[in-house]
Structure formats: structure tokens, C-alpha cells
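All remarks here apply to the structure that follows.
The values are calculated or read from the model by the stated rules, or taken from the named source; none is laboratory data. Note that the structure is predicted; figures quoted are calculated from it, not measured. Glycine also receives a Cβ, built like all others from the backbone with ideal geometry; neighbour counts cover every protein chain displayed.
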Amino acid sequence: MKAEKIALVGGGNMASAMLGGLLRAGMSTAQFIVVEPYEPQREKLAAQFGVQALAVGDASLADASTVVWAVKPQLFTAAAEPLKAWLGQALQLSVMAGITTASIAAASGSERVVRAMPNTPALIGQGIAGLFARPAVSADERATVERLLAPTGQTLWVDREDDLDAVTALSGSGPAYFFFVVEAMMAAAQDMGLTGEQGRRLALATCAGTAALGLASSESPTVLRERVTSKGGTTYAAVTSMQADGVDAALRRAVLAAQKRAAELGKEFG
């Protein structure tokens, strides 16, 4: 990694998360070049990380061994066209939602394309990204992608690109589902006489601790749930209430709706 040069096209949250993590891991500012047309964000990146940040691409991009596409999906085609001459020989890594690897290959002129679907906990190094690689990507290049994304959290490879729609629905959109539940728990806390801040701390700490317990345990979430749910107890009252309201079926429908929309966006943008 020491000799690599990375070009980031787009300097938003995901690019910032990768930059910060890789610099903390020992890479130097000279190994990065960022293309970010929005002046306030470009100045912020230069000030925060000390990297070279350009308003428009130039021949200096030709030194990049990997390009990270981190622009809004609807801006990809316009962003890629003027950079193709300089970045076509680089490994292409996309963190854009909806843009297929075929579209990236066509726009960049390279078949060496990896598509990643990260999520927002990547901003604190606790994310997970689903990854799909086109056949032209080598094992060493897959390892390079894993190293580049390591500061943002875990990675998980899938064999079919369509599976990224499921990844998008489950983990990409998943943080919103948990915050939705936290919001409801906070509202219930206030209904019971606790303050908003007390409800927030209790709900978030409970979610974080439960996730950590689930990851640390070899037992299934079903078994872990049942251990807390004594028949006739308080948890049993809550769980049976949710089952009566069809919460489990509603959540499954919600995730499937997100998967369907992810596929639609892929057709629209990709």
C-alpha cells in the first residue's frame, strides 16, 4: 500500500471516512488526490487532511493505481467522461448506489471494476460493505479493495451483482431501520415519564450492547431473544404485542421494498 496512489472522485462522507482511516493507518497525504467540484467541501478536505484537492481533473490523475468513485449516482456519467483518459488504467472501485459495474466499465474503459455498498456506520469505522467484482479483477486487486475499505469496517463479498440490491436493503438502508426503532423507543420513554435524553441514552446503549452481544455469541438471534422472553413477563408482553401488530411481517415487507427500489435505481442510473 505504501507505493499506491489513490484518486477519489467525489469528496463527501464516504470519501472522507476512507481518507481519514487510511491516513491514520499510515498512508501519506501524497498518496491521495481528490477531485471535488464543490469549493467549500474541497477546501474542507484540503484543510482537514492535507491532501491535494482539485476542482477538475488533470494529468496528475494518471499516476493513480486505484480510483474510488464516490459521486452522486446521477452525476457519474458527467464526472467520468473528462477523466477517462487518465483513469482508464486504474482499478475502479465504486461506492455509488445504483450504478452497475457494466456502466462503470463502459464509462471508464476498464473491466477491472469492484462495486461496494457501504453503510453510514463506516463514518466511525463500524460499517459493513457488500462487494462485487467483475471477472477481470485479480485476487491481489480484491485484497487491495479490502485494505482500502478496512478503516470503514467489515467487508463481505457476493458472487452475483444482483445480490448487492439485497445488501443495500439489509445493511445499506439498515441503519435507518434501527434509528426508526430508537425513535419509537424514545417516544415511549417520554410516555412513561422519562426525559428525551434519558430515553435516547437507554435506547441507543441497549441497541449497541445487544448488537455486540449478538456478534460475540455463537447462538442465533432467536435463541438470544427467547432467553430474555420469560413467558408471562415484561418482555413477553412486549413481543406478543408486536407479533399481534404484525411488526415482524412489516419489517420483512419493508426490507423487500428497499430491495425492489434498489433494483429500480440500478436500471434508472446503471
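Structure notes:
- Any chance M18 is outside the structural domain of G127 (by TED's automatic domain parsing) and either modelled with pLDDT of 90 or more or over 19 Å from the mean Cα position of the chain (by Cα) (or both): no
- Matching residues in segment 63-92 - criterion: being over 25 Å from P40 (Cα atoms), of a type in the set (A, V, I, L, M, F, W, C) and surrounded by fewer than 18 Cβ atoms within 10 Å (Cβ to Cβ): A85
- Residues being among the acidic types (D, E) and over 24 Å from L156 (Cβ atoms) - total across segment 73-117: 1
- Residue within segment 199-216 that is in contact with a Lys or Arg (Cβ under 9 Å, 6 or more places away or on another chain) and surrounded by 14 or more Cβ atoms within 10 Å (Cβ to Cβ) present: no
- Positions within segment 113-153 being surrounded by fewer than 16 Cβ atoms within 10 Å (Cβ to Cβ) and polar (S, T, N, Q), in sequence order: Q126, S138
- Residues of segment 56-70 that are under 13 Å from M18 (Cβ atoms) and either in a loop (DSSP other than H, G, I, E, B) or of a type in the set (V, I, T) (or both): T66, V67, V68, A70.
Yes or no, residue by residue, for (1) surrounded by 14 or more Cβ atoms within 10 Å (Cβ to Cβ); (2) among the charged types (D, E, K, R); (3) modelled with pLDDT of 95 or more:
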residue: D159; (1), (2), (3): no, yes, yes
residue: D163; (1), (2), (3): yes, yes, yes
residue: V167; (1), (2), (3): yes, no, yes
residue: S171; (1), (2), (3): yes, no, yes
residue: A176; (1), (2), (3): no, no, yes
residue: F180; (1), (2), (3): no, no, yes
residue: A184; (1), (2), (3): no, no, yes
residue: A187; (1), (2), (3): no, no, yes
residue: G193; (1), (2), (3): no, no, yes
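- Annotation: A53 fulfils all but one of (1) without any contact (Cβ under 8 Å) to a residue 40 or more places away in the chain; (2) not in a helix (DSSP H, G or I); the unmet one is (1).
- Residues in segment 20-45 that are farther than 15 Å from Q126 by Cα, of a type in the set (A, V, I, L, M, F, W, C) and either without any contact (Cβ under 8 Å) to a residue 60 or more places away in the chain or in a helix (DSSP H, G or I) (or both): L23, M27, A30, F32, I33, V34, V35, L45.
Per-residue answers, yes or no, for (1) among the hydroxyl-bearing types (S, T, Y); (2) touching a residue at least 24 places away in the same chain (Cβ under 8 Å); (3) within 17 Å of L22 (Cα to Cα); (4) in contact with a Lys or Arg (Cβ under 7 Å, 6 or more places away or on another chain):
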| site | (1), (2), (3), (4) |
| --- | --- |
| V95 | no, yes, yes, no |
| I99 | no, yes, no, no |
| A106 | no, no, no, no |
| G109 | no, yes, no, yes |
| R115 | no, yes, no, no |
| N119 | no, yes, no, no |
| L123 | no, yes, yes, no |
| A129 | no, yes, yes, no |
